[in-house]
Amino acid sequence: LAEILAAGPRLVGFTSIFQQHVASLALARRLKQASPATFVVFGGANCEGPMGAETVRQFPFVDAVVSGEADLVFPELVRRVLAGLDVSDLPGVVTPVSAAAVIAAGRFPGAPAVARLDDLPAPDYADFFEQFERSRYAGEWQPSLFFESSRGCWWGERQHCTFCGLNGQSMAYRSKSPERAVSELAALAEQHPGSDVQVVDNILDLRYFETVLPELARRQLKVDLFYETKANLKKEQVRALRAAGITRIQPGIESLSDAVLKLMRKGVSGLHNVQLLKWCAELGVEPHWNVLWGFAGEPPAEYARMAAWVPRLTHLRPPTGFGTVRIDRFSPNFFDAEQLGFADLAPTLAYRLVFDLPPEALANLAYYFTYGYQQPQDVDGYTRALARELRRWQRAAPAATLFTVPLDEALVVWDQRPASRVPLRVLGPIERALLAATDAAALPEPVAATLARAGHDLAPAEVEARLGALVAMGLVLRDGRRHLALPLPLAGRTLSPAASRRFRELARTLGSRIAGGMRVRLDADEPSRRWRGRRSAGRAAASRLRPRFSRVGEHLEIRWGRDD
């Protein structure tokens, strides 16, 4: 408060998003008490629609609220405030004078949206970095920067995901031109080297794969980027992300069940979601994702099926979190709650504990809502097994691996997943070809055609039978008649310290020591039986190791090289 008052401002604006509303209101109240003539205006996601109107109605120290994108209306609002003019007739602006009428009418028009994002000024972070350098965190932390290349959601325009309340009343998708997006990122990289860049877009513009990403790959800007994407990416698109410096993505996976994904209106299948996790692991992109459950009418049997899948997936990145879906304002689950099977929506308990307001005011102020179901369903009961398996996945992921090493026409498969009982397999040429043909989810008929082109003439029925054998080994995941290979090629990859330790322990158990490594018999059935039931022990290796393989007769020799 003292810092703000020292500047003698005639207007102070608060942008309130996520959990910032109470802190913003607390400061605004103190500001108004200390300087009644200062005009206080609120905006941001917490002020969209009825939330903003209720904010200005309930808290008299707020002089105005802007609902929606304020880029265009805010300069005019400032001009009028400085000139002592009324602002209540500006589009998207609500004041204490107009709030009651707006709420009574139930119509909350937003401020005009920006049609051409290239017209926006580039963000200037200079003052932030000046403050940061004077703070106690300078020298210890590397700040993150925020970058915007689009607004809205092109998928939401077509089919709004039922749980998503983002974008509010401004779903229309707009993106910056490729030239503007690249130049802005290049400027950030040059002005603030080493900073992590968080892209705030809700979804990546698919056209950027042909324009922005190749240019970022060419320039090598030395920034690690985070982007939100859709989950139905092709493998070459994941490779393009990595080449462009986009090392972390949030692909909106949410479930591994076709039936549940359909209730969410995600437009993708569970097997395709696993496929993306596999390609991300192979190509060095880190996917951040969650599992949601509790959708009205979801089939309980799907959660048992997903729980059975999980032990086969522990070599891939696990979900960051999982739990029951929340109903958010502006989502289809909120607007069409009855149609979608929900009932008894009410503001989350926290609102009643924080705000001393009547129920109808809380209902306007809230963004998060609790609910019941029109038809009772035991969500905790039928998701318990999946939740248990997901926790195991999170614990197992650092050390679990499933990778392949080609040797002549054969393929060696090393399996360090906790559920594995056969850690070493040697597959023949046909099985090797089957895994290659199901790198992307595929039906037996096109797989048979792929094998025929490689010189393996098998009928689709025999292909399906051989794929079934790979499914039984845990090397292929089957959903209906679609099949997806799970192992990752080791070439070009480095094992994590935990995986390196476990791998060396496995090699010691299966084989014998040689100079610089281990020797393992390729017909390792007996050593595999010795490995069963063993648990990893000891401390993790101090560094990442890259195993190197060679074949000597009926033995596989393994030597480790350090990645420096």
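Here are some notes:
- With contacts taken as Cα pairs under 8 Å and at least 6 residues apart, segment 357-505 reaches a relative contact order of 22 percent.
- Only protein atoms count toward the accessible area here, which uses a 1.4 Å probe; on segment 457-522, the carbon and sulfur part of that area reaches 51 percent.
- Selection of GluC sites (Glu not before Pro), segment 134-203, meeting DSSP coil and at most 11 other Cβ within 10 Å: E140
- Angle of helix 21-34 to the longest C-alpha principal axis of the chain, folded into 0 to 90 degrees and rounded to 10: 30°.
- Principal-axis tilt of helix 460-472 within the chain, Cα atoms, nearest 10 degrees: 80
- Euclidean distance between Cα centres, segment 404-419 to segment 256-296, Å: 26
- Residue order by solvent-accessible surface for E130, E302, E462, E409 is E409, E130, E462, E302, largest first, with ligands and nucleic acids left out and a 1.4 Å probe.
- Accessible area in the full protein assembly, largest first, 1.4 Å probe, for R218, R10: R218, R10
- Surface composition of segment 30-89: carbon and sulfur atoms hold 57% of the protein heavy-atom accessible area at a 1.4 Å probe.
- Each stretch of four or more DSSP H residues adds -39500 (n - 2.57); spread over every residue of the chain, this sum gives -10500 deg cm²/dmol at 222 nm.
- Evaluated with a Cβ-only charge set (Lys, Arg +1; Asp, Glu -1), segment 246-358 carries a dipole of roughly 340 debye about its Cα centre, given to the nearest 20.
- Cα-based radius of gyration for the chain, normalised by 2.2 N^0.38 Å, reads 1.15.
- Bridge type composition, the chain - antiparallel percent by DSSP, nearest 5: 60
- Here segment 298-356 has 56 percent of its accessible surface on carbon and sulfur atoms, given a 1.4 Å probe and all protein chains in place.
- Trypsin sites (Lys or Arg not before Pro) lying in DSSP loop within segment 403-438, provided at most 16 other Cβ fall within 10 Å: R421
- Sequence-separation-based contact order of segment 1-129, relative, with Cα cut under 8 Å and 6+ spacing, percent: 22
- Global form of segment 9-119, assessed from the alpha-carbon gyration tensor, a/c cut-off 1.5: rounded
- Here R559 sits with roughly 90 square angstrom of accessible surface, probe radius 1.4 Å.
- Relative contact order, percent, segment 207-254 [alpha-carbon distance under 8 Å, six or more residues apart]: 49
- All-pairs alpha carbon distance profile, segment 183-246, 10 Å steps from 0, percent: 21, 59, 19, 1
- If you sort the three axes of the alpha carbon gyration tensor as a ≥ b ≥ c, you get a/c of 1.5 or more for segment 112-261 and a/b above b/c, which makes it prolate.
- Accessible area per residue (1.4 Å probe, heavy atoms of protein chains only) ranks D356, D378, D258 as D356, D378, D258, with the largest value leading.
- Peptide packing for 286-292, 310-316 was compared via the average number of neighbouring C-beta atoms within 10 Å per residue; ordered from the highest value, the list is 310-316, 286-292.
- For the chain, the longest principal axis of the alpha carbon atoms and the long axis of helix 73-83 meet at an angle near 30°.
- Of the residues A361, V291, P319, the one whose Cα sits farthest towards the positive end of the charge dipole of segment 276-421 is P319 (charges of +1 on Lys and Arg Cβ, -1 on Asp and Glu Cβ, taken about the Cα centre).
- What the chain shows is 47 Å² of accessible area per residue, with the surface traced by a 1.4 Å probe over protein heavy atoms.
The values are calculated or read from the model by the stated rules, or taken from the named source; none is laboratory data. Because the structure is a prediction, the values reported are computed rather than measured. Reconstructed Cβ throughout: ideal geometry from the backbone, glycine too, with neighbour counts over all protein chains shown. Just the protein is used for accessible areas: all its heavy atoms, side chains included, with ligands, DNA and RNA removed. Shrake-Rupley method; radii C 1.70, N 1.55, O 1.52, S 1.80 Å.
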